[in-house]
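Take a look at the structure below.
The values are calculated or read from the model by the stated rules, or taken from the named source; none is laboratory data. None of these values were measured; they are calculated from a predicted model. Reconstructed Cβ throughout: ideal geometry from the backbone, glycine too, with neighbour counts over all protein chains shown.
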Amino acid sequence: MIKILHLSDIHIGSGFSHGKVNPETGINTRLEDFVNTLSICIDRAIAEPVDLVLFGGDAFPDATPPPYVHEAFASQFRRLADANIPAVLLVGNHDQHSQGSGGASLSIYRTLVVPGFIVGDTIKTNRITTRNGDIQVITLPWLNRSTLLTRPETEGLALAEVNELLIKRLQPVLEAEVRRLDRHIPTVLLAHLMADRANLGAEKFLAVGKGFSIPVSILIRPEFDYVALGHVHKHQNLNPSNDPPIIYPGSIERVDFSEEKEDKGYILLEVNSGKVNWEFCPLPARPFLTIEVDVSQKEDPLEAVLQAIAKQEIEEKVVRLIYKLRSEQLDLINTSAIDLALQNAHSYSIRPELISQLARPRLPELGVGNTLDPIEALTTYLNNREDLQDIKKDLLEAAESLLNTK
């Protein structure tokens, strides 16, 4: 029996705007949150002990994290090497440069030749010897169109046509790896991808124009004992028959409010003579809470806002307060009183919305003979959407990518 811990989408270094500086350590509390949940995963791997750790990609928000963030990640995974537990670190879309080449944020582990660590930045079958036997892990990192196609091949094609062509190119490459497998030992496919059956959150927007959607049918093969996925932040099993289990463990910590209601955790599984038992293990991720209230018809709008806050347990949560009111009510709101009511939250943001401003954001005016630039229009829209600020940069990059495919 081979025991495996499967985690993904750590994104360590994300969401600093939702934290504050810890006066005792000088570190942003959100970085401490991410380190805490990651350390719980590593603690479990060592305590079991597991025979192998599979990381499904997206270690950081981008390919060039600050040194102190890189060190926070490395200090946890170094514990696996010290415990002689092998690990496969897959390259996700956030681990790559914007051009989609290489896995800059994870390549250091290959350069340093960390014992037992494999960096999965190519489609390749890795045979790994564990304390309880050998296992094969096929790595399938995040694939951009440039990985399998040249620019002339995609010239003039619609996005759906490019997607279809990419899948046709991927299938024989994956098939070649499958045919080389040793059928006498267990096999895991470790992939960072967008599956067509996945229940998507923010990653749906982050992937537009950067990758492509893969049919789950490609992943359902008798040669695979388990399919370990990364990229989608919501935990889910895409194959209820469990033959094989096709699992997104989800992210280990909430990145933004789009993940407010999602459970966070990792997967612990056992592979034994072709049979796989797996369980989702929840993590104590920092809770996010949205308080939304319409006080536009209240005689005392401030009191209505304070009552809405008082009804909620806000202690140590990341809180977002949204209240709707009329413009003539603005002078009745004492923001200091709201700040005081929210002081027990871990962090908070306050967003008043005027009823008259709830219509669509106004786009820039056009002069005679001018046309509306789509990027300018999208930027204007995003500037009016506080709930999308965390992914604003990714959305603009995706839009630029889509426009450049013409």
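Going residue by residue through the stretch 86-99, is there one that turns out to be surrounded by 14 or more Cβ atoms within 10 Å (Cβ to Cβ), closer than 26 Å to LYS124 by Cα, β-branched (Val, Ile, Thr) and out of contact with any helix residue (DSSP H, G or I) (no Cβ under 7 Å at 6 or more places or on another chain)?
yes
Pairs please, first residue from the stretch 167-183 and outside any helix (DSSP H, G or I), second anywhere and surrounded by fewer than 13 Cβ atoms within 10 Å (Cβ to Cβ), Cβ atoms under 9 Å, 6+ apart in sequence or on different chains.
Within 9 Å, the pairs are ASP182/ARG127.
Condition first: under 22 Å from VAL91 (Cα atoms), at pLDDT below 90 and either surrounded by 19 or more Cβ atoms within 10 Å (Cβ to Cβ) or of a type outside the set (Phe, Trp, Tyr) (or both). Can you find one or more residues in the stretch 217-225 that meet it?
No, because not a single residue in the stretch 217-225 is under 22 Å from VAL91 (Cα atoms), at pLDDT below 90 and either surrounded by 19 or more Cβ atoms within 10 Å (Cβ to Cβ) or of a type outside the set (Phe, Trp, Tyr) (or both).
Search the stretch 187-215 for residues that are under 18 Å from HIS235 (Cα atoms) and pair each with any residue that is modelled with pLDDT under 65 and surrounded by 18 or more Cβ atoms within 10 Å (Cβ to Cβ) when their beta-carbon atoms are under 7 Å apart and the residues are at least 6 apart or on different chains.
Hits for this filter: MET194/ALA207; MET194/GLY211.
Need pairs with beta-carbon distance below 7 Å; first residue on the phi > 0 side of the Ramachandran plot and in contact (Cβ under 8 Å) with a residue 60 or more places away in the chain and within the stretch 244-271, second surrounded by fewer than 24 Cβ atoms within 10 Å (Cβ to Cβ) and in a strand (DSSP E or B); sequence gap 6+ or separate chains.
Every condition considered, the pairs that remain are GLY250/GLY265.
Show the residue pairs meeting these rules: Cβ distance below 8 Å; 6+ apart or different chains; first residue within the stretch 395-406 and closer than 19 Å to PRO152 by Cβ; second residue assigned to a helix (DSSP H, G or I) and modelled with pLDDT of 70 or more.
Close Cβ pairs (under 8 Å, with a partner that is assigned to a helix (DSSP H, G or I) and modelled with pLDDT of 70 or more) amount to LEU402/LEU159; LEU403/PRO374; LEU403/ILE375; THR405/LEU159; THR405/VAL162.
Tell me, which strands (runs of 3 or more DSSP E) wholly within the stretch 249-315 include 3 or more residues that are at pLDDT 95 or above and buried (at least 21 other Cβ atoms within 10 Å of the Cβ)?
Qualifying strands (runs of 3 or more DSSP E): 265-272.
Conditions (1) part of a helix (DSSP H, G or I); (2) crowded, with 21+ Cβ neighbours inside 10 Å; (3) out of contact with any Gly (no Cβ under 8 Å at 6 or more places or on another chain); (4) not assigned by TED's automatic domain parsing to the domain that holds VAL232, marked per residue:
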| position | (1), (2), (3), (4) |
| --- | --- |
| ASP9 | no, yes, no, no |
| PRO23 | no, no, yes, no |
| GLY26 | no, no, yes, no |
| ILE40 | yes, no, yes, no |
| ILE46 | yes, no, yes, no |
| VAL53 | no, yes, yes, no |
| HIS70 | yes, no, yes, no |
| ARG78 | yes, no, yes, no |
